[in-house]
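Step one of this worksheet: look at the structure below.
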Amino acid sequence: MLTKINHIGIAVKSLEDSLLFYKDNLGMSFAGIETVEEQKVRVAMLQVGESKIELLEPTSDDSPVAKYIEKNGTGIHHIAYEVSNIEDAIAKLLEEGVKMIDLEPRCGAHDTRIAFLHPKSSGGVLTELCQCSD
Ligand code: CMX
């Protein structure tokens, strides 16, 4: 069902401050910043080899990522696994009794369709399914 890890999401307070570390100190290539209005986050995607790191900055105090930072501090927020057919993946997980936050895909960053599993079903790790556009 899963084809690879698409990205690791990291909650930060400021993209610009965090980019100094990831882009300048670690030398990751930077693919630009995008705002996902619906989820109240600004997202910066960085690439290292085949792997991607997604920095998430809340755009308002009521953003879910702002709430996450308030409760847990900055740090790893989610792991996103790539799937080739997200509807099939959601249906399979539901059939197996996995609790989903998203019963239907929603829009993610960089032209993807995504769905979150409930952390109760994944040992407290927020887990995302992610289907890239063809
Ligand atoms: N890690 C672990 N647990 C988390 C979590 C995280 N990062 N974020 C939320 N939770 C927990 C909550 O504490 C809550 O637990 P309880 O049910 O025990 O209280 C549960 O998950 C549900 O969270 P919620 O905020 O109450 O539920 P919502 O449906 O309102 O939102 C979610 C869930 C995950 C979508 C939202 O919290 C969130 O993080 N949104 C931002 C998503 C994001 O990262 N978008 C970026 C772009 C996407 C991309 O392309 O990758």
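How about the stretch 1-98: which trypsin sites (Lys or Arg not before Pro) there lie in a loop by DSSP and see at most 15 other Cβ atoms within 10 Å? Within the stretch 1-98, the qualifying trypsin sites (Lys or Arg not before Pro) (loop, at most 15 other Cβ atoms within 10 Å) are 13. For the stretch 23-101, the list of GluC sites (Glu not before Pro) that fall in a loop by DSSP and count at most 13 other C-beta atoms within 10 angstrom reads 50, 96.
Amide H contacts under 5 Å for residue 100: 118, restricted to partners 5 or more places along the chain or on a different chain, H placed in the peptide plane at 1.01 Å from N. Can you give me the angle between helix 86-95 and the longest principal axis of the chain, using Cα atoms only, in degrees from 0 to 90, rounded to the nearest 10? Here the helix axis deviates by roughly 60 degrees. Taking a straight Cα-Cα cut-off under 24 Å and skipping sequence neighbours fewer than 8 places away in the same chain, the lysines within cross-link reach of residue 99 are 4, 40, 67, 71, 120. Accessible area per residue for the chain, computed on protein heavy atoms with a 1.4 Å probe, is 56 Å². Shape class of the stretch 2-132 from the alpha-carbon gyration tensor: prolate, with a/c at 1.5 or above and a/b greater than b/c.
Using just its DSSP H runs of length 4 or more, each adding -39500 (n - 2.57), the chain gives a mean residue ellipticity at 222 nm of -5000 deg cm²/dmol after division by all residues. Under a Gaussian network description of the chain, with springs only between Cα atoms under 10 Å, the residue in 15, 55, 26 that fluctuates furthest is 26.
Taking the accessible area of the stretch 2-132, probe 1.4 Å, and keeping the other protein chains in place, the carbon and sulfur fraction comes to 52%. Calculated FRET efficiency, residue 24 to residue 133, Cβ-Cβ distance, R0 = 41 Å: about 0.85 to the nearest 0.05.
What is the local net charge at residue 67, summed over the other residues whose Cβ is closer than 14 Å to its Cβ (Lys, Arg +1; Asp, Glu -1)?
Numbers: positive: 13, 40, 71; negative: 57, 61, 62, 70.
Charge balance near residue 67 sits at -1.
Under the criterion of Cα pairs below 8 Å and six or more residues apart, the relative contact order for the chain equals 25 percent. Taking θ as phi - 60° and the Karplus parameters 6.51, -1.76 and 1.60, the scalar couplings of the stretch 124-130 work out to x, 9, 5, 10, 10, 9, 9 Hz in sequence order, x denoting glycine and proline.
Let's see if you can work this out: charge +1 on each Lys and Arg Cβ, -1 on each Asp and Glu Cβ, no other charges. What is the dipole magnitude of the chain about its Cα centre, in debye to the nearest 20? Show your work: numbers first, answer last.
Working: 13 positive and 22 negative charges, 81 e Å.
Here the size comes out at about 400 debye.
Positive contributions from Lys and Arg (+1) and negative ones from Asp and Glu (-1), summed over other residues with Cβ under 9 Å from the Cβ of residue 4, come out at -2. Using alpha carbon centroids, what distance separates the stretch 112-134 and the stretch 1-17, in Å? Each part reduced to its Cα centre gives a spacing of 12 Å.
The values are calculated or read from the model by the stated rules, or taken from the named source; none is laboratory data. Just so you know, these numbers come straight off a predicted model, no measurement behind them. Neighbour counts are summed over all protein chains in view; Cβ atoms, including those assigned to glycine, are modelled from backbone coordinates with ideal geometry. Side chains included, ligands, DNA and RNA excluded: accessible areas come from the protein's heavy atoms. Shrake-Rupley method; radii C 1.70, N 1.55, O 1.52, S 1.80 Å.
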